[in-house]
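Asker: Have a look at this one.
Since every read-out is calculated from the coordinates, none of them should be taken as a lab result. This one's a predicted model, so the numbers in the text were calculated from it and none came from an experiment. Glycine gets a Cβ as well: all are built from the backbone with ideal geometry, and neighbour counts include every protein chain shown.
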Amino acid sequence: RARMDPTPTCVLLTRGVSPGFAAAQRTEDDGGAPLSSSVASAEHEKLVDKLRPHAGRVVAVDADEKHPDCVFVEDCVVALPSRGFFACNPHVTRRGEVAAVVGAAMGVSWPDVGPMFLRGLASEREGERIEGGDVLYVSGGRDTAHHYLVGVGNRTNAAGADALRTALRKCAVAAGALYEPMEESTLFLVHEVDLTGTEWLHLKSALTWAPDVGFVASDPACPVLERALACLDGCEATDANRMRDPAVIVPRVAANVLALPGNVVFAHPDAAEAIRARGAERGVVVVDAEQPELARADGALTCCAVVLDPDFRWGPNY
């Protein structure tokens, strides 16, 4: 009898491409034609169509003409365990994008489980700057259950990383997972990865991670990869996090992969074969996907979807 995969329950937050996409921020001009919102929108719709079968629901936030980069929804919020989330404080040109995405996340709920909860936010008044593209989640082991790698020095600062740390603490307390005399490090650690002196816009431009795959990068000598691994030195490697395994090396344009519940990984076609080879014996399902026009504005797969998973918990009972 054929095995039936469980029905997906995660909700994916996405956002449409702005009619003003031609003015999106770019780290460099490729010398080609101006950015096209219509081409980018068609690419993005294809990606969302591919995502739908792997989600219980897709919540699409309306595009905003005033914000050319609004399709890159991950820079606005970060998912936390136990249905929590954190509101980012991105670059000044993008702060107007956050409210609509936070509102959409707060509207997400599951029958018999409950709603999402805003557990913290980065404050401009306190100088806390952070974008979700700089926050990379890695599952932990018996020493620390959850690791959050935060790229600092470019679009995110140390104060922003500390705001995330505070939100995780509040989230764990609210869920009843953190209490005296527990050490919070048994639940989570926020590791600051120095991006100073690198050309990467965000941490997840340089490397990403997926369960049963491990790290994905474009060069084994990538300084960002080396610094990330140094942050995790001494932390427990597991069969799922594979943090001591060599990174999967793929072309530079393809180092960003999007992991979904159910051992599904969305990967650029130039990376798909290598990801399949790494994850085949672990049952990893790889879906090819790319958005070339959005990539011209430094966009990648994780940029365009935030995964809200009701089964993402602090531990078995929280």
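Asker: Between 116, 243, 182, where does the largest GNM mean-square fluctuation fall for the chain, given springs only between Cα atoms within less than 10 Å?
Answerer: 182
Asker: Here is a follow-up. Size of region 272-311 along its principal axes in angstrom, Cα-based, largest extent first?
Answerer: 35, 30, 11
Asker: Here is a further query. Once amide H atoms are built 1.01 Å from N in the peptide plane, which residues 5 or more positions from residue 236, or in another chain, come under 5 Å H to H?
Answerer: 141, 143, 144
Asker: Taking amide H atoms as placed 1.01 Å from N in the peptide plane, list the residues 5 or more away in sequence, or in a different chain, whose amide H sits under 5 Å from that of residue 286.
Answerer: Distant-sequence amide H within range of residue 286: 265.
Asker: Taking just the C-alpha trace of region 244-290, give me its Rg and Dmax in Å.
Answerer: Reported Rg and Dmax, both Å: 9.9, 28.
Asker: Of the options 250, 238, 84, report the single residue whose Cα projects farthest towards the positive end of the charge dipole of the chain (beta-carbon charges: Lys, Arg +1; Asp, Glu -1).
Answerer: 84
Asker: So which residue, out of 53, 19, 181, gets the largest mean-square fluctuation from a GNM of the chain using Cα contacts under 10 Å as springs?
Answerer: Between 53, 19, 181, it is 181 that shows the largest mean-square fluctuation.
Asker: Counting just the Cα atoms, what span does region 1-65 cover along each of its three principal axes? Round to the nearest Å and put the largest first.
Answerer: For region 1-65, the Cα spread along each principal axis is 55, 23, 20 Å.
Asker: Let me ask something else. If one computes P(r) from the Cα atoms of region 74-187, what percent of pairs lie at distances over 23 Å?
Answerer: In whole percent, the long-distance tail amounts to 28.
Asker: Please report the antiparallel percentage of the DSSP beta bridges confined to region 109-215, to the nearest 5.
Answerer: Once the DSSP bridges in region 109-215 are tallied, antiparallel ones form about 55 percent.
Asker: Under unit Cβ charges (Lys, Arg +1; Asp, Glu -1), what dipole magnitude, rounded to 20 debye, does the chain have relative to its Cα centre?
Answerer: 720 debye
Asker: Over the chain, with a Gaussian network built from C-alpha contacts below 10 Å, which listed residue (132, 234, 56) shows the highest mean-square fluctuation?
Answerer: 234
Asker: On average, how much area does the Cα convex hull of region 1-141 cover when viewed from any direction, in nm²?
Answerer: Hull-based average projected area comes out at 12.1 nm².
Asker: Where q = 0.15, 0.19, 0.24, 0.26 Å⁻¹, what log10 of I(q)/I(0) comes from the Debye formula for region 91-153, counting one point per Cα?
Answerer: -0.70, -1.00, -1.16, -1.18
Asker: Using a simple charge model, +1 on the beta-carbon of Lys and Arg, -1 on the beta-carbon of Asp and Glu, nothing else, what dipole does region 99-204 show about its Cα centre, in debye to the nearest 20?
Answerer: Dipole of region 99-204, to the nearest 20 debye: 220 debye.
Asker: Starting from region 225-318, pick out the trypsin sites (Lys or Arg not before Pro) whose DSSP state is loop and whose Cβ has at most 14 other Cβ atoms within 10 Å.
Answerer: The qualifying sites are 244.
Asker: Looking at the calculated P(r) for region 190-260, what percent of the C-alpha pair distances fall above 13 Å?
Answerer: 63 percent
Asker: Taking a quarter of the surface of the Cα convex hull of region 199-318, what do you get in nm²?
Answerer: Averaged projected area of region 199-318's Cα convex hull equals 7.9 nm².
Asker: Another question, then. Of 50/204; 50/170; 46/170, which ones are farther than 26 Å apart at the Cα?
Answerer: Flagged as over cut-off: 50/170; 46/170.
Asker: On the Cα set of region 57-121, report Rg and Dmax in Å, please.
Answerer: Radius of gyration, then largest Cα-Cα span, for region 57-121: 12.2, 39 Å.
Asker: Which label marks the calculated value of mean projected area of the Cα convex hull in nm², given the options (i) 16.4; (ii) 19.3; (iii) 17.5?
Answerer: Read-out from the structure maps to (i).
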